[in-house]
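A quick write-up on the structure given underneath.
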Amino acid sequence: MNADLRDIWVYLSASPLAGLTMTLVAYQAGLWVFERCGRRPVLNPVLIAVLLLAGVLTLSGIEYRTYFAGAQFVHFLLGPATVALAVPLYNQFQQVRQSARAMIVALLVGSSASALSAVGLAWVFGGSAATLRSMAPKSVTSPIAMGVSEQIGGLPSLTAVFVILTGIIAATFGTWVLNLARVTDWRARGFGMGVAAHGIGTARALQVNEVAGAFAGLGMGLNGLATALLLPTLYRLFW
């Protein structure tokens, strides 16, 4: 019986549907914990899902390549999900127009600080040139960050790891930092989360407040555009 069950597991684990199912179940488990514990930021459902998936893959011996054959369907939906963020943005268009000047300044400062701080920290700790280039676009949503990383000589796979870690950390501690800085305006809070924590931060902002979610989506989109245009240009000029 044990041999039969093992054979069944080997067959199922090689199926693309296994990766997709594990991803959905892990996120639902993370969301359940998040809701049951009063939506505490430290219990971010994405963080819990990542830990659960890492544990399952390690214990079961499933290669990441095999897992991603099914999980790529979720990855594909990142594009449509990003476009869908235009809906809350449209609902708050009047406030967006009134805050245009402040957002441009915040975008330039936030985007520059994200890239420079990442590269600076990696350089201080002795990171290789490839690591520095891979970390530069860490605060941009994954598809854009990986493309930018490839253009400037980084490692797209390593960039994807930095992007996920940045989003989880910023979404987990961003609320506390904003509270400590006494930032109370939902527009500023949301825009900051979107610029610093891309999609994961935007999802967190949408859970808290509709206005914050709309501005987070805008911040994420504008930061992605600015990084995609400016970072490769600056790399060619100064690197």
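The values are calculated or read from the model by the stated rules, or taken from the named source; none is laboratory data. The model shown is predicted, which means the values in this text are computed figures rather than measured ones. Because the Cβ atoms are built from the backbone with ideal geometry, glycine has one as well, and the counts that use them run over all protein chains shown. Keep in mind that these areas ignore ligands, DNA and RNA; they rest on the heavy atoms of the full protein, side chains included. Shrake-Rupley method; radii C 1.70, N 1.55, O 1.52, S 1.80 Å.
Descriptive notes on the structure:
- One chain, two ends: Glu63 and Phe125. Fully extended at 0.36 nm per residue, the span grows by 19.3 nm beyond their Cα-Cα distance.
- Measuring with a 1.4 angstrom probe and ignoring ligands and nucleic acids, Trp186 comes out at about 100 Å² accessible.
- Share of carbon and sulfur in the accessible heavy-atom surface of the chain [1.4 Å probe, %]: 71 percent
- Ordered from highest to lowest accessible area with the whole protein assembly present and a 1.4 Å probe, Leu53, Leu77 read as Leu77, Leu53.
- Nearest 10 degrees, 0 to 90: helix 186-208 Cα axis against the chain principal axis: 20 degrees
- Charging the Cβ of each Asp and Glu at -1 and of each Lys and Arg at +1, and nothing else, the dipole of the chain about its Cα centre rounds to 660 debye.
- Met22 contributes an accessible area of around 40 Å² to the protein surface, as traced by a 1.4 Å probe with all chains present.
- Accessible area per residue in Å² at 1.4 Å probe, computed on the chain: 58 Å²
- Angle in degrees between helix 100-124 and the longest Cα principal axis of the chain, rounded to the nearest 10: 60 degrees
- Farthest towards the positive end of the charge dipole of the chain, among the residues Ala54, Leu43, Gly174, is the Cα of Gly174, using unit charges on the Cβ of Lys, Arg, Asp and Glu.
- Sequence-separation-based contact order of the stretch 2-238, relative, with Cα cut under 8 Å and 6+ spacing, percent: 18 percent
- For the set Phe76, Phe215, Phe125, the ranking by accessible area, highest first and with no ligand, DNA or RNA atoms included, is Phe125, Phe76, Phe215 under a 1.4 Å probe.
- With helices as the sole contributors, the chain gives -27500 deg cm²/dmol at 222 nm; each DSSP H run of n ≥ 4 counts as -39500 (n - 2.57), and the sum is divided by every residue.
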